[in-house]
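Please read the structure below before turning to the comments.
The values are calculated or read from the model by the stated rules, or taken from the named source; none is laboratory data. All figures in this text were calculated on a predicted structure; none of them were measured in a lab. Counting neighbours? That spans all protein chains shown, and the Cβs are built from the backbone with ideal geometry, glycine included.
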Ligand SMILES: Cc1cc2nc3c(=O)[nH]c(=O)nc-3n(C[C@H](O)[C@H](O)[C@H](O)COP(=O)(O)OP(=O)(O)OC[C@H]3O[C@@H](n4cnc5c(N)ncnc54)[C@H](O)[C@@H]3O)c2cc1C
Ligand SMILES: Nc1ncnc2c1ncn2[C@@H]1O[C@H](COP(=O)(O)O)[C@@H](O)[C@H]1O
């Protein structure tokens, strides 16, 4: 089984988000970038599915040279090889086209992504890849098993779940529950240095969206503190002041 | 040029998020001085369909073919793109629900359209520019994003646009689509829905609890409060990791993001990753025994004290309030 895992490079979850140039640029100064947490889940499941010589796990990442530590980390966790498309990821359309162009003639059985990249939270790339390659896509899965050329997946829906049976090749985006993220061990870290990391140039695609500027949420008013005997008063405030009940 | 809105149903019923997208699409069509059509796929009764007129849809394309009774994103995307072509729609609006997330990108590729997901407001349209406000950085910011392509797809976040009754009735017409067989490779084996529970992403009121509750056996009081309010229940990540609560209740950066009208956080410290999923709630109530808990900094109302003492009292107070009518 050949699996391609798509990885993105995102600000660490504890980052305080700020902007520069009149709120038009994300301020990356001092920000630590990490492997997108959901992509770690996808990678962990890919490794489990191919363990014991049952297949290979390749990585693809669209990003500039500065993102290579993130790719090395994913190799240290256990992927076999990686390709970096040397470009700034402009939007999901641009990224999905790069991945589809690369994967088109490589006959991957599975293409796995995270449920969303935690910077722009688009949940877009996955289903776009599916459409570009004309293969099934399943977004936001909680479980994935593969038996020969058929996969069984569990997908989250409002207030429940849906169980699907889908033939490979397919693309799916992984959420919590699919696998536990793996921590690289010493041997993994050593071998990651010599695993193949190919760099390719992007195919020409125009972005269809562009961020003009950012805004941070308006700060809340001061918190109104109540006594632990004020249950009735809280209910009254929620009704007459906040108007939510 | 026109606007097309996809009206998602669950088991033949429309949810609030559907009325939200219709209201949003109607307001957008009005700004652009154009018409709005809706497309429904599946088994929805005619009365429910024509009721969408209230929210501003004048025409509804109804697809009822047996093959399309259950959601298959590949096939549904084809049908919606076909309807967009028929209606000469340049803009397609849908809900950024779980199904919407699987569907919108496929429609966007078919139409070669720029896609905004997580939209929270109507587009600003001026000087030939089309800019949509959407959430970014897990609720820590908003990004005003321009769509530069002629065709556009917008996936609206649930609970971020008010339902508006502006219209009258809608005309329902049958729509026959010509979906190809290869769009049906995915087969749904089973749908499991906890019918007695309010689904978290749609919920207007949410009661959530964290590790401060000590163990799963103490969740009865959280459920009692939620029942009294008619609220959904949620939890912090360590709680679902420990198996005290199901994973689908976990909110935050790695769980789901919600923006209910009311979020009551009980025994949750307010870590940045937790706040990422709940900070856009309209009103936040925090109950925590530690006056220094970071959650109080982003709360509207706070009570310092023991949850085991306060929550039952609050439940009683809610019941008393409801009893008055
Ligand atoms: C990559 C990453 C992603 C993460 N994603 C998420 C996420 O999506 N969602 C999430 O929630 N967390 C997430 N976390 C974890 C997060 O950092 C916190 O550890 C977590 O939110 C803490 O959960 P908690 O508030 O329930 O527990 P704690 O931090 O242990 O807080 C318990 C609180 O209960 C209070 N308390 C104790 N007893 C009582 C009582 N009797 N009455 C009232 N109050 C009481 C305490 O004062 C304390 O404030 C993530 C972490 C990482 C590293
Ligand atoms: N620059 C990128 N390179 C490779 N894969 C990416 C990139 N950006 C996003 N992805 C993949 O697409 C998933 C969904 O991203 P998004 O649509 O941006 O929310 C991520 O979890 C990744 O698996």
Discussion item. Suppose the filter is at pLDDT 95 or above, surrounded by 24 or more Cβ atoms within 10 Å (Cβ to Cβ) and more than 16 Å from ligand 1 (Cβ to nearest atom); does residue A:85 pass it?
Written reply: no
Worksheet item: Can you find even one residue in region A:88-109 that is at negative phi, touching a helix residue (DSSP H, G or I) at 6+ places or on another chain (Cβ under 6 Å) and assigned to a strand (DSSP E or B)?
Response: no
Response to the item:
Within region B:280-303, the residues that are surrounded by fewer than 20 Cβ atoms within 10 Å (Cβ to Cβ), touching a helix residue (DSSP H, G or I) at 6+ places or on another chain (Cβ under 9 Å) and within 7 Å of chain A (Cβ to nearest Cβ) are B:298
Fill in: Cross-chain or 6+ apart pairs with Cβ under 6 Å, region A:19-48 first and free of Cβ contacts under 8 Å to residues at least 60 places away in the same chain, then assigned to a helix (DSSP H, G or I)
A:35/A:70; A:35/A:73; A:35/A:74
Practice prompt. Go through A:71, A:34 for me and flag whichever is surrounded by fewer than 22 Cβ atoms within 10 Å (Cβ to Cβ) and within 14 Å of ligand 2 (Cβ to nearest atom).
Written response: A:34
Worksheet, complete the sentence: Considering residues that are at the interface with another protein chain (Cβ under 8 Å from one of its Cβ atoms) and out of contact with any strand residue (DSSP E or B) (no Cβ under 7 Å at 6 or more places or on another chain), the number found within region A:110-144 is 4
Worksheet item: Out of curiosity, is residue B:84 away from chain A (no Cβ under 12 Å), touching a residue at least 60 places away in the same chain (Cβ under 8 Å) and part of a helix (DSSP H, G or I)?
Response: yes
Discussion item. Quick check on region B:188-204. Is at least one of its residues more than 9 Å from chain A (Cβ to nearest Cβ) and free of Cβ contacts under 8 Å to residues at least 24 places away in the same chain?
Written reply: yes
Item to complete: Answer yes or no: is there a residue in region B:237-244 that is in a loop (DSSP other than H, G, I, E, B), more than 16 Å from ligand 2 (Cβ to nearest atom), within 13 Å of chain A (Cβ to nearest Cβ) and farther than 11 Å from residue B:203 by Cβ.
Response: yes
Item to complete: Would you check which residues across region B:253-273 are free of Cβ contacts under 8 Å to residues at least 60 places away in the same chain and either within 16 Å of ligand 2 (Cβ to nearest atom) or crowded, with 21+ Cβ neighbours inside 10 Å (or both) and list them?
Response: B:254, B:255, B:256, B:262, B:263, B:264, B:265, B:266, B:267, B:270
Discussion item. Would you confirm, using the coordinates I've provided, whether residue B:131 is closer than 27 Å to residue B:61 by Cβ and at pLDDT 95 or above?
Written reply: no
Fill in: Selected residue (only one of B:26, B:38, B:57, B:48 is out of contact with any helix residue (DSSP H, G or I) (no Cβ under 8 Å at 6 or more places or on another chain) and closer than 29 Å to residue B:205 by Cα)
B:48
Worksheet item: Where residues in region A:194-226 are at pLDDT below 95 and in contact with a helix residue (DSSP H, G or I) (Cβ under 9 Å, 6 or more places away or on another chain), which of them is farthest from the other protein chains (Cβ to nearest Cβ)?
Response: A:219
Worksheet item: facing chain A (nearest Cβ under 7 Å) and surrounded by fewer than 18 Cβ atoms within 10 Å (Cβ to Cβ): does that describe residue B:148?
Response: yes
Practice prompt. Select from region B:1-21 the residues that are within 11 Å of residue B:92 (Cα to Cα) and in a strand (DSSP E or B) and write down the one among them that is modelled with the lowest pLDDT.
Written response: B:2
Discussion item. Given the options B:173, B:190, name the one that is part of a strand (DSSP E or B), in the same structural domain as residue B:81 (by TED's automatic domain parsing) and either in contact with a helix residue (DSSP H, G or I) (Cβ under 7 Å, 6 or more places away or on another chain) or surrounded by fewer than 21 Cβ atoms within 10 Å (Cβ to Cβ) (or both).
Written reply: B:173
Worksheet item: Inside region A:1-54, can you point out the residues that are within 14 Å of another protein chain (Cβ to nearest Cβ), in contact with a helix residue (DSSP H, G or I) (Cβ under 7 Å, 6 or more places away or on another chain) and more than 16 Å from ligand 1 (Cβ to nearest atom)?
Response: A:6
